[in-house]
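Q: I have a structure here, written as structure tokens, and I will follow up with some questions on it.
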Amino acid sequence: MTFEPRLMGRKDAAAYCGIAESTFSLWVATHKMPLAIPGTRKWDKRAIDAKLDEISGLTPAEKEDPYDKWVREHPDG
């Protein structure tokens with residue numbers, strides 16, 4: 001059985017994102033990317049995916065209140 005590991009080191013995480021290791025480190029420091037799992041030097045692939053979705057605008061950074069959403073979508077009413 002072949003499988004891809006869910007956790008990856010900095011080098012693999014940067015390659016997964018298609019960026020240099022130095023850029024990945026900067027993104028971690030500026031919270032564009034998640035921190036490594038506490039007590040390790042490994043990043044969770046799903047956490048990276050979630051952050052990429054967030055910074056790409058594919059998912060909202062914060063859950064929008066349903067009423068606020070309705071007001072935004074119905075400006076006249």
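Q: Please state the relative contact order of the chain as a whole percent: Cα pairs under 8 Å, 6+ residues apart?
A: Numbers: 52 pairs, mean separation 19.3, N = 77.
After rounding, I find 25 percent.
Q: Looking at the stretch 1-72, which chymotrypsin sites (Phe, Trp or Tyr not before Pro) are DSSP coil and have at most 13 other C-beta atoms within 10 Å of their C-beta?
A: Numbers: sites: Phe3, Tyr16, Phe24, Trp27, Trp43, Tyr67, Trp70; in loops: Phe3.
When the chymotrypsin sites (Phe, Trp or Tyr not before Pro) of the stretch 1-72 are filtered for loop state and at most 13 Cβ neighbours within 10 Å, Phe3 remain.
Q: Let me confirm the definition first: pairs of Lys residues in the chain, 8 or more apart or on different chains, C-alpha distance under 26 Å. How many are there?
A: Lysine pairs satisfying the spacing and distance rule in the chain number 13.
Q: Using all Cα-Cα distances in the chain, what percent lands in each 5 angstrom bin from 0 up to the longest?
A: Final binned percentages: 3, 14, 21, 19, 12, 9, 7, 8, 5, 2, 1, 0.
Q: Return the loop-located GluC sites (Glu not before Pro) in the chain (DSSP other than H, G, I, E, B) with at most 13 other Cβ atoms within 10 Å of their own Cβ; answer none if there are none.
A: Numbers: sites: Glu21, Glu54, Glu62, Glu64, Glu73; in loops: Glu62, Glu64.
Taking the chain and a limit of 13 other Cβ atoms within 10 Å, the loop GluC sites (Glu not before Pro) found are Glu62, Glu64.
Q: Looking only at trypsin sites (Lys or Arg not before Pro) in DSSP loops with at most 14 other Cβ atoms within 10 Å, what is the longest site-free stretch of the chain? Write down the numbers at each step before the final one.
A: Details: sites that count: Arg6, Arg41, Lys63.
By the stated rule (loop sites, at most 14 other Cβ atoms within 10 Å), 7-40.
Q: Hey, what number do you get for the chain at 222 nm if only DSSP H runs of n ≥ 4 count, each worth -39500 (n - 2.57), divided across all residues, to the nearest 500?
A: Working: 4 runs with 36 residues, N = 77.
Calculated at 222 nm, the ellipticity per residue is -13000 deg cm²/dmol.
Q: What FRET efficiency comes out for the pair Leu58/Thr30, r = Cβ-Cβ distance, R0 = 22 Å, nearest 0.05?
A: Numbers: r = 19 Å, r/R0 = 0.89.
My answer for the efficiency is 0.70.
Q: While we're looking at this one, here's another question. Roll a 1.4 Å probe over the protein heavy atoms and report the accessible area of Thr30 in Å², nearest 10.
A: About 80 Å², rounded to the nearest 10.
The values are calculated or read from the model by the stated rules, or taken from the named source; none is laboratory data. Everything numeric in this text was worked out from a predicted model, so none of it was measured. Heads up, the Cβs are rebuilt from the backbone with ideal geometry, glycines too, and the neighbour counts pull from every protein chain shown. To get the accessible areas, we keep the full protein, side chains included, count just its heavy atoms, and leave off ligands, DNA and RNA. Shrake-Rupley method; radii C 1.70, N 1.55, O 1.52, S 1.80 Å.
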